[in-house]
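Beneath this line is the structure, given in structure tokens, with notes to follow.
What follows draws every value from the coordinates through simple rules; no lab data is involved. This one's a predicted model, so the numbers in the text were calculated from it and none came from an experiment. A quick note on method: Cβ atoms are made from the backbone with ideal geometry, for glycine too, and the neighbour counts reach across all protein chains shown.
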Amino acid sequence: MKMVKVITYGTFDLFHEGHYRLLQRAKALGDYLIVGVTTESFDKARGKLGVIDSLMTRIENVRKTGFADEIIIEESVGQKFSDIKKYNIDIFTVGSDWVGKFDHLNDYCKVVYLERTKNISSTMLREQKRHIQRIGIIGTGRIANRFFIEARAVSGVNVQSVYNPHPDSVAKFAEKWSINAYSDLEKFFADVDVVYIASPHQTHYEYIKSALNHDKHVLCEKPMVLKKSEAEEVFKIAKDKKLILMEGIKTAYCPGFHKLLGVAHSGKIGSIRNVEACFTKLENPENRELKDEKFGGSFFELGSYIMLPIFKLFGENYTELKFDTINGENGLDIFTRASFKFPTGIATATCGLGVKSEGRLLIAGTKGYILVTAPWWKTTYFEVHYENPNEIEKYSETFLGDGLRYEINDFLLQLTSPGVNDFKLTRNESISMAAAMEQFFSEKRN
Ligand code: CTP
């Protein structure tokens, strides 16, 4: 008699009874059960951001049930179809939360939806584990609005309150999003667990200190602070108080950017010798970025983004840094080029608010180069090129919404597992960026 082969798929995060019962019944449908466990990047790509267990832990938990004869990983859309062919599957099965979603596979094998176990899910367990964090936003500008929308896509967080010293602005923002408004900082801190700082750059330092001193974890928009000593000081306070302090450079937390760093460091392009990063945005001359004569200008606004890939690829210990700027009428830089030297290579970081250029990232190595086309800071696609112009490797990755959701999610993961995401933007990288901002300020503003 022919052996009946069954296949099923899932994330199996925080392995629970629902998973166990599903696998038990799936195995009973045939003679041989294959279980596909999703990879972290596949889950991220399909918007499942909060998965807690690593792939290895999830595989191990499936294995321990003893029901799986074979475990495979699921890493892309469309894989189910090819697995059915490849493994000669007779029955595809999945829980009843998916009824109808896989009917198209009936053309290739039998599709069985198994009754889902009631009152249990990984989402439920994740939420119990990670009590809902009440987030308070300091600042009511454009980015604060975007943050609110993106935070909705992340589980385990509730944007609860907003602070701005001006009662009128804060009332308007709070009404728009139906949240609590404060223009008294003490009362604001009393209403939140964690703070997101999105106020003008020069106010970050005091707000960070104040929030940490009220025992709040802090996610601060870039540039976090504008002086090296300030960066060192705030990180020390956070460390001493065992609080999380993270600089919000959203690119640092995006899956596509991580894939890019992985490929760049893989040896494919040999040793990296030159990095060129450019980010320009034509800004309305009436906006703060082009009006604030002390803290406006392109480098303060965009410098963090363009330094990020450079520090990620060469390390943060540059040996030389030189700035060239083109200034607008009020003396603010509308276009800036920062030239770095490192022991193993050189880099240029270019940004503009009043000059438009190609927003690309180019990483040159001894065997080839990587080209990330605009907007590389929302990395979705890049190419690896070699001496032979016909030899091109192409990579892509999803980028959901405005991308801030990855940063928010990583920040929340840091709260439950401190240190897990430190590598994405290290303290030393943030401190070096503050040092570059400080040098820029002393050379170009004083
Ligand atoms: N499953 C089930 N009963 C539950 C939960 C899940 O039968 N109470 C089934 C799903 O239908 C699926 C498999 O278990 O076939 C793996 O599901 P997975 O998505 O990993 O688990 P969920 O708990 O549904 O995860 P999440 O809450 O993250 O969606």
(Q) Given (1) surrounded by 17 or more Cβ atoms within 10 Å (Cβ to Cβ); (2) under 28 Å from the mean Cα position of the chain (by Cα); (3) in contact (Cβ under 8 Å) with a residue 60 or more places away in the chain, identify the lone condition not met by S357. (A) (1)
Q | Unique match (being of a type in the set (D, E, K, R), surrounded by fewer than 19 Cβ atoms within 10 Å (Cβ to Cβ) and closer than 24 Å to K236 by Cα) among E393, E438 | A | E438
Q) A45 fails exactly one of the following numbered conditions: (1) farther than 19 Å from G256 by Cα; (2) in contact (Cβ under 8 Å) with a residue 24 or more places away in the chain. What is the number of that condition? A) (1)
Q: Hey, could you check segment 79-108 for residues that are in contact (Cβ under 8 Å) with a residue 60 or more places away in the chain and either away from the ligand (no atom under 14 Å from the Cβ) or part of a helix (DSSP H, G or I) (or both) and say which is surrounded by the fewest Cβ atoms within 10 Å (Cβ to Cβ)?
A: N88
Q) Among the residues of segment 269-293, which ones are of a type in the set (A, V, I, L, M) and assigned to a strand (DSSP E or B)? A) I272, V275, A277
Q | Filter result for T38 (polar (S, T, N, Q), within 13 Å of the ligand (Cβ to nearest atom) and over 29 Å from the mean Cα position of the chain (by Cα)) | A | no
Q: Can you work out which of the residues in segment 211-245 that are assigned to a helix (DSSP H, G or I) and either aromatic (F, W, Y) or under 22 Å from F173 (Cα atoms) (or both) is nearest to the chain's Cα centre (by Cα)?
A: F235
Q) What is the residue count in segment 169-192 for residues that are of a type outside the set (V, I, T) and closer than 15 Å to R134 by Cβ? A) 11
(Q) Condition (residue is surrounded by fewer than 19 Cβ atoms within 10 Å (Cβ to Cβ) and in a loop (DSSP other than H, G, I, E, B)) applied to segment 180-190: is it met by at least one residue? (A) yes
Q: Output the number of residues of segment 146-173 satisfying the condition of being closer than 19 Å to E221 by Cβ, in a helix (DSSP H, G or I) and over 21 Å from the mean Cα position of the chain (by Cα).
A: 3
Q.
Just to be sure I understand the filter: pairs with C-beta atoms under 6 Å, separated by 6 or more residues or on different chains, first member in segment 114-133 and closer than 11 Å to D97 by Cβ, second member within 8 Å of the ligand (Cβ to nearest atom) and outside any helix (DSSP H, G or I). Which pairs pass?
A. L114/T93; L114/G95; R116/G95
**Q.** Residue under evaluation I73, criteria (1) surrounded by fewer than 17 Cβ atoms within 10 Å (Cβ to Cβ); (2) within 27 Å of V154 (Cβ to Cβ); (3) out of contact with any strand residue (DSSP E or B) (no Cβ under 7 Å at 6 or more places or on another chain), criterion not met
**A.** (3)
Q. If you check V154 against the conditions, is it away from the ligand (no atom under 16 Å from the Cβ), closer than 21 Å to G50 by Cβ and of a type in the set (V, I, T)?
A. no
Q) Can K322 be described as without any contact (Cβ under 8 Å) to a residue 24 or more places away in the chain, more than 21 Å from S304 (Cα to Cα) and not in a loop (DSSP other than H, G, I, E, B)? A) no
Q) If you take the residues in segment 331-354 that are of a type in the set (A, V, I, L, M, F, W, C) and over 16 Å from Y318 (Cβ atoms), which one is surrounded by the fewest Cβ atoms within 10 Å (Cβ to Cβ)? A) F335
Q: Could you identify the single residue in K259, K239, K216 that is touching a strand residue (DSSP E or B) at 6+ places or on another chain (Cβ under 9 Å) and free of Cβ contacts under 8 Å to residues at least 12 places away in the same chain?
A: K239
Q: Residue by residue through segment 353-397, note down the ones that are of a type in the set (D, E, K, R) and part of a strand (DSSP E or B).
A: E383, E393, K394
